[in-house]
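Visitor: Quick one: structure below, then a few questions.
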Amino acid sequence: MTYVVIAFLWASIWLYLLLGGADFGAGILELFTSKKHQKNTRKTVYRVIGPVWEANHMWLIIAIVILFVGFPDIYTTMSIHMHIPLVLMLFGIIARGTAFAFRHYDAVVDDMQTLYNKIFQYSSFITPFFLGIIAASTVSGSIDTESTDFLNAYIFSWFNWFGIAVGFFTVAICGFLAAIFIIGETDTEEDKKRFIKKAKYMNIGAVISGSLVFIIAYLEQIPLIDWIFGNVVGIVAITAATVSLIILWRTIEQKRTVLLRILAGFQVTMILLAITWEHFPNIIMLKNGNYLSLIENAGHEKAIASLAYALLIGSLFILPALYYLIYSFQKKGK
Amino acid sequence: MDDFLAARSQMALSLGFHIIFSCIGMVMPFFMAVSHFYYLKTKKQVYKNITKAWSKGVAIFFATGAVSGTALSFELGLLWPEFMKHAGPIFGMPFSLEGTAFFIEAIALGFFLYGWDRFNPWFHWVTGLVVGISGIVSGILVVAANAWMNSPAGFDYINGEYLNIDPIKAMFNDAWFSQALHMSIAAFCATGFAVAGVHAFMILKKKNIEFHAKSFKIAATFACIAALVQPLSGDISAKDVAKRQPAKLAAMEAHFQTERRAPFIIGGIPDEKNKKVDYAIKIPGLLSFITYGDINAEVKGLDQIPEEHHPPVAITHYAFQIMVGLGMIMMLISLLYFYQLWKKKEILSTKWLLKLFAIATPMGFIAVEAGWTVTEVGRQPWIIYNVMKTSEAVTPMPGIVYSFYIFTVIYLSLSFVVGFMLYRQIKMVDKIYDIPNDSVQKH
Ligand code: HDD
Ligand code: HEM
Ligand code: HEM
């Protein structure tokens, strides 16, 4: 049963990264759009993510609930030592969600719109950035559970160059996902070209920040390379991601929306797989060298079992409905 | 302010903020479903306008409700890690089911808000209804989690360890039913009075009379039925509290001494030092009657509870008085409303009644906030009743005070913006929906 729950945890993080990520990416793209095209970008973005944005963010809630019901030690450690980045990410979520709704539903269109847009764009950037920082600190062994000193326990547990690099990498990935996703939803050839260009920039951004991640990991003596390339799955996953990236750029000009999306999604999946595989079942590495493990630190048996049933039954309802929602609103917007 | 107080205040602030949006999120879909239904049946444009105008307001509330709820699911861990560490696995069942309910709600909402003229009209109608039903279900589930804090069940607490966990038993604890029932009715009562009040006000201002009159009727009907049954369900709650949390009941009633033929206290200023209530109206025997159905029954007072386990009496007492007082006023308004309907009086011309409704706009929500204050403050000093103290649960991280200040600013500005947008929304009604109201739309 523990494995069922872990699978759901992985899946909800994965889906949050893909769907929620594309959602954040839409705001990031807006941020990097010239004034001239902003309105157009905004309209496209709205049409694509409007109906699904609430659902996309539910994956985060599911992941949180799985953590506190199934893995309370892990949840508690995170919420104590990652308090500050979690709050900052939370501010991003609050600002973004409300600004997104406000700018669309405000009955009067005036200067307030500019404010909503600004908030939406910047918080779309901030949220995945801190998500990246939090993720980085779980694997980089920076969480210091023994220190009683404020800086060590609550700041340097997450605030370091490695985390910042991963933060930027996450942002770039989100932008990339969004651009690829939106390419298939554009109305005109011109728009399509614009989003292809954006996808390229974001891809370059991801490569640069990704390299930074490795460089900093090397400098800070985090054995990232060993982790990822030290096992077959890691190597295969990264190779597959690279190959799919090449295919993606070769086919991007063709009108194969679905293929593009699958390729982009596949890449992100492979990256997540490569990162999580080596450590499994350990999910948090602490400064003192100890691990928190999804198996050893799993909660009570009965709690896990009932959680697993709740998730299984829930997904019977959710997945078909979600699929139908996404299906219904694709392309029908015109 | 110390960090512990700051953490409690931040939690209370966030919950107090969220509950408003969740009430609206639970109830408005039903109002919309009714007017949407009338529209589909009669094809009268005005009903479509009402549905659309409401759904715009609701979309704003939904977004705010969703983010403030997300904030809460973070804050439970951020502020009370020690509590969540032990409680999470036990009371997690309703939360994990709630995930499904939220999801269905979010999906159905996507269909409903963006699905006008895209789907079969009745499919579209049903998606709106599903939003409401899953909202209520998620409300009931969270309240069941809260009820567990009041009435812990489904585990054995032995030497500081939580053993033999049974999440199902924990979910169906002794308090879940009375609390969930009372809360669900409260949501209808509060939202109904708020919506009816705004529309009554607009009728009085003679704006878009037909639009507002029809909206008023839908909201007022729900509100008044809820307000009539709410005291009954409150009575169930009170009897329940007397059984499981005598300290809370005593604090609600500022009942310091254990006695037979205990009086029901109205108003008054509790004096916690000298253990008495000044300036109160006392109705002898009524408290005994309400709690045990017998005017001579003995009601446990605070004197039977160790001093360090007393909840703050004054706050709990005032909050309880406010809730019950407002509940009585709303019940009276409802009686008047139904009396007028029964006499077949035209509500639109009974100005005084509309005025009453306009005045009552915030009452339901004030009662909701007061009621939660009773429940939560009355549980103090426990976070899990008789098992874990709130002070043991708080995060070790210093500096929560600053976090509290920042959250206060955020929630204040959010409330301000939401209020501002709502104001604009209502003001725009005549501009946006200025289509001849009784024209029948052809499809
Ligand atoms: C419209 C709102 C509203 C109205 C009119 C009332 N209540 Fe209430 N009350 C609530 C809204 C509420 C609430 C906010 O929904 C609470 C907080 C927790 C809960 O389950 O419901 C609550 C709690 C609550 C509790 C504590 C339950 C517990 O701790 O488990 C009691 C004893 C009562 N109520 C009793 C009453 C009585 C006797 C009323 C008579 C008029 C009344 N309420 C009207
Ligand atoms: C939305 C309606 C609710 C409101 C308005 C509300 C109100 C409050 C208030 C006023 C406090 C502070 C009490 C004090 O410190 O004296 C509090 C504390 C708390 N509440 Fe609630 N509450 C609500 C529902 C819930 C639910 C559903 C849960 C959890 C499932 C919950 C969990 C807590 C926790 C963990 C605390 C902090 C510990 C404590 O002070 O006891 N509350 N709430
Ligand atoms: C008695 C107290 C509560 C009630 C009645 C309640 C009810 C609701 C309802 C009906 C919604 C959906 C409507 C909307 O989005 O506006 C909602 C949203 C939400 N609530 Fe609460 N809630 C309560 C307390 C809590 C607590 C304590 C938590 C966290 C632990 C929480 C977490 C959430 C979340 C995450 C959402 C967003 C779901 C979405 O995106 O649709 N709620 N709540």
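What follows draws every value from the coordinates through simple rules; no lab data is involved. Since we're looking at a predicted model, the values are computed, not measured. Backbone-built Cβ (ideal geometry, glycine too); neighbour counts: all protein chains shown.
Visitor: How would you rank B:186-198, B:163-175, B:251-263, highest first, on the average number of other Cβ atoms within 10 Å across their residues?
Guide: Working: B:186-198: 26.2, B:163-175: 18.5, B:251-263: 21.2.
For the peptides B:186-198, B:163-175, B:251-263, the packing ranking is B:186-198, B:251-263, B:163-175.
Visitor: Now, a different point. Which whole number gives the average, over all residues in B:415-421, of C-beta atoms from other chains lying within 10 Å of the residue C-beta?
Guide: For peptide B:415-421, the averaged partner shielding equals 3.
Visitor: Can you count the Lys pairs in the range B:302-397 whose Cα atoms are under 28 Å apart, with each pair 8 or more apart or on different chains?
Guide: Working: B:K343/B:K351; B:K343/B:K355; B:K344/B:K355; B:K345/B:K355.
So the count works out to 4.
Visitor: Within chain B, which complete DSSP H helices have Cα atoms spanning at least 27 Å along the helix axis and a mean Kyte-Doolittle hydropathy of 0.5 or higher?
Guide: Membrane-span-like by this criterion, though nothing is claimed about a membrane: B:3-42, B:45-79, B:81-114, B:121-150, B:176-204, B:313-342, B:400-427.
Visitor: Just check the range B:335-377 against the gyration tensor rule for me: Cα atoms, a ≥ b ≥ c as the square roots of the eigenvalues, rounded for a/c under 1.5, and otherwise prolate or oblate depending on whether a/b exceeds b/c.
Guide: Details: a/c = 6.43, a/b = 2.70, b/c = 2.38.
Prolate shape, in that a/c is at least 1.5 and a/b is the bigger ratio.
Visitor: Further question: Take each of the peptides B:113-123, B:417-427, average the number of other beta-carbon atoms within 10 Å over its residues, and list them starting from the highest. Intermediate results must be reported in sequence, preceding the final value.
Guide: Details: B:113-123: 14.2, B:417-427: 16.3.
So the order, starting with the most tightly packed, is B:417-427, B:113-123.
Visitor: Name the shape class, rounded, prolate or oblate, that the alpha-carbon gyration tensor gives for the protein assembly as shown, where a ≥ b ≥ c are the square roots of its eigenvalues, rounded holds for a/c under 1.5, and otherwise prolate holds if a/b is larger than b/c and oblate otherwise. All intermediate terms of the calculation are to be shown ahead of the outcome.
Guide: Values: a/c = 2.19, a/b = 1.25, b/c = 1.76.
Oblate, since a/c reaches 1.5 and b/c is not below a/b.
Visitor: Once you average over the residues of B:78-90, how many Cβ atoms of partner chains fall within 10 Å of each Cβ?
Guide: Rounded to a whole number, the mean comes out at 6.
Visitor: Further question on the same structure: Taking each residue of B:69-77 in turn, how many C-beta atoms of other protein chains fall within 10 Å of its C-beta, and what is the average?
Guide: Shielding by partners across B:69-77 averages 6.
Visitor: Under 21 Å between alpha carbons, and skipping anything fewer than 8 positions from A:K35 in its own chain: which lysines qualify?
Guide: Leaving aside lysines fewer than 8 places away in the same chain, those within reach of A:K35 are A:K43, A:K118, A:K192, A:K193, A:K197, A:K198, A:K200.
Visitor: Could you grab the relative contact order for chain B? Cα pairs under 8 Å, six or more apart, rounded to a whole percent.
Guide: 21
Visitor: Near the amide H of A:I143, under 5 Å away, which other amide H atoms are found, from residues 5 or more places off or on another chain, if H is placed in the peptide plane?
Guide: A:K287
Visitor: If each DSSP helix of 4+ residues adds -39,500 (n - 2.57) and the sum is divided by the residues in chain B, what number results at 222 nm, nearest 500 deg cm²/dmol?
Guide: Calculated mean residue ellipticity at 222 nm is -24500 deg cm²/dmol.
Visitor: Under a 5 Å amide H to amide H cut-off, with H placed in plane at 1.01 Å, what residues pair with B:W382 once short-range neighbours are removed?
Guide: Sorted by chain and number, the residues that satisfy this are B:T390.
Visitor: How high is the relative contact order of the range B:1-158? Use alpha-carbon pairs under 8 Å, at least six apart in sequence, and give a whole percent.
Guide: 31
Visitor: What is the total of Lys pairs in the range B:24-97 with C-alpha atoms under 18 Å apart, excluding same-chain pairs fewer than 8 positions apart? The partial results should precede the final answer.
Guide: On the way: B:K41/B:K52; B:K43/B:K52; B:K44/B:K52; B:K48/B:K56.
Qualifying lysine pairs in the range B:24-97: 4.
Visitor: So how many Lys-Lys pairs in the range B:130-240 land under 22 Å Cα to Cα, not counting same-chain pairs under 8 apart? Don't jump to the answer; show the numbers that get you there.
Guide: Details: B:K169/B:K239; B:K205/B:K214; B:K205/B:K217; B:K206/B:K214; B:K206/B:K217; B:K207/B:K217.
Taking the range B:130-240 as the scope, the lysine pair count is 6.
Visitor: What does the net charge come to around B:P381 if you take all other residues with beta carbon closer than 10 Å to its beta carbon, with K and R at +1 and D and E at -1?
Guide: Neighbour charge sum, excluding B:P381 itself: 0.
Visitor: Could you order peptides B:352-360, B:265-273, B:62-70 by the average number of other Cβ atoms within 10 Å of their residues, highest first? Provide the component values of the computation, followed by the final result.
Guide: Numbers: B:352-360: 18.0, B:265-273: 15.3, B:62-70: 23.9.
By packing density, highest mean first, the sequence is B:62-70, B:352-360, B:265-273.
Visitor: Mind listing the phi-derived Karplus ³J(HN,Hα) values for the range A:166-172, rounded to whole Hz, using 6.51, -1.76 and 1.60 with θ = phi - 60°, and x for any glycine or proline?
Guide: Per residue, the Karplus-derived 3J(HN,Hα) values read 5, x, 5, 4, 4, 4, 4 Hz.
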